[in-house]
Amino acid sequence: MIASSGSETKNLLSINPTNALSATKEDVSAEIGAESGDHEVPIGEKQHWVFSSFMTVGYILGTGVLVLPSSMAALGFLLGTAVCVFFALLSTYIAILLGRLKNDHYPECLSYKELAKMSVGKKFENALEFLTCINWFMTMALYILTAVESFTAAFNSNLCGYDWGLICVVVLLPSTLITDMKGMENMAAMSDLAAIVIVAVVLALLASQGGNSPSEHKHNFFPPKESFLDAFNPISSFIFAYQGQSIFLEVISEMRYPREWNKSVYLSHSLMFISYSITAIVGYYYMGNDVPAFLPKGLKKGIWKTLVNLLVAYHVLVAYIINNIPLVAMLKRRYFEGSRTPRSKHVMISALLLFLAWLMTNIVPFFKDMVSVIGALCGSPIMLGLPPLFYFCALKSKGIPMGRFDLVVCSLLFFVLFPLTFVSGMISAFRSILGNWERNGLPFSCSIQV
């Protein structure tokens with residue numbers, strides 16, 4: 001997952017509203033046996049690898065892209081560009097690694113959760129399910145926070161952030177009655193289209209608005225002087241932006257020829273890299289170190305600023321609804337009677353999640369910090385830690401030696417980058433949150449500044 005994503009990620013925020021649609025395939029997969037020996041068409045419609053590329057981009061590209069210009073400002077042009085390239089290459093390699101696991105070792109596997117069970121074991125599957133729930137919930141909180149930011153930027157009013165949050169709760173309350181994905185496809189598609197339009201319009205407006213002349217703002221080519229930990233907040237934002245690995249197994253399973261997955265990876269990750277780098281560089285170029293964490297806030301007042309922010313609000317509120325459905329379904333399977341759970345309990349669970357998400361947006365009412373927390377807490381293990389672990393366990397169980405290149409990269413991912421980005425990213429994010437509380441007031445204060 002403007003929030004990008006992946007099935008657990010993001011949408012415009014990391015993680016994209018259609019992320020959650022992938023979760024329903026777990027229900028379907030139990031009823032579908034292995035197909036032909038080569039597993040060329042495991043489930044669903046036959047999809048060309050190009051279509052699978054666009055599906056992957058749709059899942060991952062989201063609102064998380066809107067925080068990248070401020071991440072570039074924190075790192076400087078040189079390091080910011082290097083980090084964007086680095087994680088694009090890492091994400092590409094990890095996607096190829098997951099393709100090998102699917103095609104060469106577990107062709108019957110249809111989801112990330114199943115991959116955890118087959119490669120590591122049942123207990124690890126349960127742990128991954130817990131991480132998935134945390135990721136979905138925090139991403140839903142991020143959607144509400146993004147809607148709050150959008151409404152605040154769109155309208156000049158005396159309402160506090162928690163007031164706008166309550167308005168979002170009221171708007172979303174009827175959605176607690178929705179129990180499945182039926183009829184959501186068109187709404188999800190429109191939300192995806194909105195995500196693309198938002199990024200394009202924001203960049204066009206920044207380039208055309210004369211007040212945003214680069215000469216009016218200060219830029220850093222080299223990283224500004226800051227502590228080692230301070231650099232991990234923007235790095236966590238890039239992790240969040242590229243996170244989405246948990247839906248790759250579903251995408252491969254729907255391909256006409258799964259072994260063309262590498263072609264799909266190269267195209268999808270090239271498109272994401274181009275989108276992320278252009279947004280980060282153009283946004284920082286036109287607004288410099290003054291670029292806000294929530295990019296649409298930096299637009300000049302006027303009808304276009306209002307329309308863009310309302311479009312963002314529409315996108316993330318739809319994303320919330322779509323992500324809520326599989327999360328509630330997972331909780332019902334784990335703690336209640338599954339699909340036989342009474343509708344009244346479904347509504348109660350959904351309403352409780354909605355209240356808790358609103359509460360979370362008031363505890364961490366800072367857009368960039370929320371993105372960083374999700375990137376470090378969930379994105380780091382899902383993107384950097386789990387794929388090399390799955391690959392190692394799969395090869396070990398079959399007595400296959402790991403190639404030297406894979407051994408070096410997987411060791412770097414699992415033993416260095418994963419713990420470093422997880423621990424340092426979390427410490428950096430919480431330090432930033434504490435600093436923002438000190439400057440802007442404790443939770444439920446009315447002086448939120450992001």
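Readers should treat all values here as calculations from the given coordinates under stated rules, not as data from a laboratory. This structure is a prediction, so every number in the text was calculated from the model and none was measured. A quick note on method: Cβ atoms are made from the backbone with ideal geometry, for glycine too, and the neighbour counts reach across all protein chains shown.
Which of the trypsin sites (Lys or Arg not before Pro) across the stretch 244-280 are loop residues per DSSP, with 16 or fewer other Cβ within 10 Å? Working shown, then result.
On the way: sites: Arg256, Arg259, Lys263; in loops: Arg256.
The qualifying sites are Arg256.
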key: Where chymotrypsin sites (Phe, Trp or Tyr not before Pro) fall in DSSP loop in the stretch 406-450, at most 14 other Cβ within 10 Å   = Phe444
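For the stretch 51-440, what does the relative contact order come out to in percent, with C-alpha contacts under 8 Å and a separation of six or more? Write down the numbers at each step before the final one.
Values: 513 pairs, mean separation 139.9, N = 390.
About 36 percent, as a whole number.
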message = Pairing rule first: another cysteine's C-beta must sit under 4.7 Å. Under that rule, which cysteines of the chain stay single?
response = Cys84, Cys109, Cys133, Cys168, Cys378, Cys393, Cys410
ask   = Label Val408 and Leu78 with points 7 Å out from Cα along Cα→Cβ: what is the distance between them in nm?
value = 2.5
inquiry  = Between Leu359 and Tyr266, what is 0.36 nm times their sequence separation minus the Cα-Cα distance? Round to one decimal in nm.
reply    = 29.5 nm
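Let me check I have the definition right: for the stretch 322-450, take the eigenvalues of the Cα gyration tensor, multiply each by 5, take square roots. What are those semi-axes in whole Å, largest first? Spell out each step's value before the answer.
Working: eigenvalues 242, 151, 12 Å².
In descending order the semi-axes read 35, 28, 8 Å.
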request  = Please report the base-10 log of the normalised intensity I(q)/I(0) for the chain, using a Debye sum with one equal scatterer per alpha carbon and no solvent, at each q in 0.08, 0.14 (1/Å).
outcome  = -0.41, -1.31
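Report the full-extension gain for the segment Asp163 to Lys398: residue separation times 0.36 nm, less the Cα-Cα distance, to one decimal in nm. Write out the running numbers ahead of the final one.
Values: separation 235, 0.36 × 235 = 84.60 nm, distance 5.66 nm.
Taking Asp163 through Lys398 to full extension adds about 78.9 nm, to one decimal.
Given the peptides 102-110, 186-194, 333-341, arrange them by the average over their residues of other C-beta atoms within 10 Å, most packed first.
Per-residue mean Cβ counts within 10 Å order the peptides as 102-110, 186-194, 333-341.
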inquiry  = Sort 305-312, 232-239 by packing, meaning the average of other beta carbons within 10 Å per residue, with the highest value first.
reply    = 232-239, 305-312
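Please work out the Kirkwood hydrodynamic radius for the stretch 67-185, using every pair of different C-alpha atoms, and report it in angstroms with one decimal place. Walk me through the numbers before you get to the answer.
On the way: mean 1/r = 0.0536 Å⁻¹.
The answer is 18.6 Å.
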ask   = Just how large is the dipole of the stretch 85-210 about the Cα centre, in debye to the nearest 20, putting +1 at every Lys and Arg Cβ and -1 at every Asp and Glu Cβ?
value = 320
query = Normalized C-alpha radius of gyration of the stretch 275-387, against 2.2 N^0.38 Å?
reply = 1.39
ask   = In debye, nearest 20: dipole of the chain around its Cα centre with unit charges on the Cβ of K, R (+) and D, E (-)?
value = 420
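Whole number please: convex hull volume per residue of the Cα set in the stretch 117-239, in Å³? Don't skip to the answer; put the middle values down first.
Values: hull volume 29.4 nm³, N = 123.
So the per-residue Cα hull volume is 239 Å³.
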